[in-house]
1. Return a yes/no flag: does segment 300-322 have any residue that is in contact with a helix residue (DSSP H, G or I) (Cβ under 7 Å, 6 or more places away or on another chain), over 22 Å from Arg253 (Cα atoms), in the same structural domain as Glu277 (by TED's automatic domain parsing) and not hydroxyl-bearing (Ser, Thr, Tyr).
2. Only residues that are buried (at least 19 other Cβ atoms within 10 Å of the Cβ), more than 30 Å from the chain's Cα centre (by Cα) and small (Gly, Ala, Ser): list them for segment 300-342, please.
3. Which ones in segment 265-315 are more than 30 Å from Gln136 (Cα to Cα) and assigned to a loop (DSSP other than H, G, I, E, B)?
4. Could you please let me know if Glu277 is farther than 22 Å from Gln336 by Cβ and in contact with a strand residue (DSSP E or B) (Cβ under 8 Å, 6 or more places away or on another chain)?
Amino acid sequence: MIHLPFINKYPYTSFEAVNIDWLLNQVSKIPVLEDKVNQHETRITTLEETAADHEQRLQAAEGDIDALEGRMDTAEGDIDQLQDDMGTAQSDINSLKGRMTTAEGDIDALEGRMDTAEGDIDQLQTDMNNTQIKDQKQDNDIAGLDSRITTLEGQDKVIANPGGTGANLNTISIDDVTYVIPSGGGGGGGSSVTPNPAGTPTATLNTVDIDGTVYDMPVDASDINQINSTISALDTRVETLEDTIGDTGSISRFFHVETLENTNTVQDFTDQYSTFEVPYGAEALVFVEASFDTTNFGSTQRSLGVYIRKYESGGYVNEAMSKYTVYGSEPAMITQSADFNLITVLGEGTYHIAARVNASGAYKQYHVSLNGKSIILRKNPNA
């Protein structure tokens with residue numbers, strides 16, 4: 001037995017007694033404390049494991065957040081771009097709406113025009129079934145085609161206003177058929193028409209009937225008398241001039257006959273037969289007669305012209321001109337040919353004659369015949 005100098009409750013009473021109750025009481029608490037410690041250690045371990053798991057999950061969440069932030073930046077950029085694209089798309093849609101509205105209006109207008117055209121076609125078909133549609137222009141086209149076919153078939157050529165001295169024509173043979181040329185008065189036998197007859201006129205022509213159409217003359221009797229008087233005076237003066245200077249070589253004659261292709265441009269004739277010269281210090285009275293045959297043009301409107309041109313500064317300059325317009329609605333005999341004159345006074349220089357047929361559509365040939373003369377009116381003796 002252990003002998004201690006002290007006891008628990010009452011000191012100095014029994015030195016051999018030991019306080020077993022207190023010791024047992026203290027020792028009995030140790031397992032409980034150990035159990036609690038173990039429990040706390042378990043809980044701490046669990047908390048540590050949970051904290052570690054939370055740490056890992058937090059790190060993963062932070063990575064996901066970083067990735068989401070990048071994706072969010074990209075998404076925000078895409079949204080901004082989509083907003084811009086949407087604005088552009090809305091503008092394009094508005095523009096397309098306007099264009100669609102215009103297109104619908106055009107379609108409606110075209111539908112109206114198509115209805116009108118269909119009605120016109122139906123009417124034309126009805127007219128074609130009931131009657132033969134033909135107007136003066138078609139007559140001219142047909143006449144032009146007939147003339148061209150006749151030429152291609154090698155028929156004899158008839159030249160209008162050929163000039164020169166001819167014989168009286170009493171009969172004519174066409175396609176092996178001999179026709180008699182009527183002469184004398186009316187009564188169904190026809191009337192005799194003589195160009196430039198001799199003698200004094202005994203009547204005035206105010207109108208003329210051609211193929212059933214009555215044409216009014218552009219001038220009255222007083223105008224004709226005045227014109228005749230003026231022409232007579234001019235003829236007298238010209239004859240006087242020709243008699244005065246005819247032997248000096250001061251009268252220059254020129255002419256040109258050619259079949260040309262219509263190019264809508266002035267075509268110069270620079271050969272020796274269409275050129276004349278007015279000497280230094282002189283003036284010349286110039287006469288030009290122009291005859292055009294435009295049968296090939298049918299009813300096409302065209303402008304005919306004859307020109308006197310002078311070469312200056314590297315090119316030709318128009319000094320004088322005369323023009324005539326064919327509208328194509330006249331009877332074919334009128335539209336096929338035209339004759340007109342050009343009278344002018346020119347100073348010194350070298351001149352060329354030119355012609356032009358200006359018409360729309362495909363180019364066609366025309367025949368032109370030019371005749372003229374230049375008469376010196378005044379000449380510088382020192383020239």
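The values are calculated or read from the model by the stated rules, or taken from the named source; none is laboratory data. Every value quoted in this text rests on a predicted model; they were computed, and no experiment measured them. All Cβ positions, glycine included, derive from the backbone under ideal geometry; neighbour counts span all protein chains shown.
1. no
2. Correct list: Ala332 only.
3. Thr270, Asp271, Gln272, Tyr273, Ser274, Pro279, Tyr280, Gly281, Ala282, Ser313, Gly314
4. Yes, satisfied.
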